[in-house]
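A quick write-up on the structure given underneath.
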Amino acid sequence: MSLFRKIFGSKSERSGEELKSDDRGKYMPEIKLPIDERFTINFKANGGKFLYCENLNEIFLNLEHILTENSWEEKKTLLFDEHLKDKFINSNLEHTNKISEATFFLTTCENLIANDGSLLISSKQIFEKKLPELPINFIVFATTSQIVENIGEGLRGIKSKNRQKIPTNITTIKHFKSSDEKDFLSYGSSAKNLYLLLLEDL
């Protein structure tokens, strides 16, 4: 017989019954949510705007809604990624490479980090630009397969995918709303008004 059973007694009568969260003791570990749920909760808590899409048609439709909602239809988009230019060729976006002309930045990211709701980006997305130099408005296109547990896992993924040449300028975007209540953790960070177009690909 287990030492813990001897001390605390058996609870076999409840073994087949699922414990509800309010039945759990205060010292019991929290039930761990699935990785995609944790990312979504933390991303929204950071102030991000999240749009889940089941296919590319929904991506294009939601992009139109974002542009209409913000009156960006006639505005220029900063777009560095040639693959994204091809993907969104029918979206009537007016591209520019000049930051000063752009109202919003359309980009991808390396990974979505579940444990803090941040986005991991590198020189593949922003070249050698610093985050404060880029427009305040971001629209990020990503897929559910890019969600990882933590930054360490994301960095290992970047290294394994780019064995010939590892991208530089790796950073995270975590604060998606500007706030007067700055804490020391967000000091020096550049808050972005960020929309995430997340495509289901798993």
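Remarks
- DSSP beta bridges in the range 58-202 [antiparallel fraction, %, rounded to 5]: 25 percent
- Taking Lys and Arg as +1 and Asp and Glu as -1, the other residues whose beta-carbon sits under 13 Å from that of Pro135 total +4.
- The range 73-162 - Rg and Dmax from Cα coordinates, angstrom: 13.8, 40
- Arranged from fewest to most other beta-carbon atoms within 10 Å of their beta carbon, Tyr52, Tyr195, Tyr27 become Tyr27, Tyr52, Tyr195.
- Per-residue Cβ neighbour rank within 10 angstrom, fewest leading, Thr144, Thr107: Thr144, Thr107
- Footprinting exposure proxy ranking of Cys109, Cys53, fewest other C-beta atoms within 10 angstrom first, gives Cys53, Cys109.
Readers should treat all values here as calculations from the given coordinates under stated rules, not as data from a laboratory. Since we're looking at a predicted model, the values are computed, not measured. For neighbour counting, all protein chains shown are included, and Cβ atoms are generated from backbone atoms with ideal geometry for every residue, glycine included.
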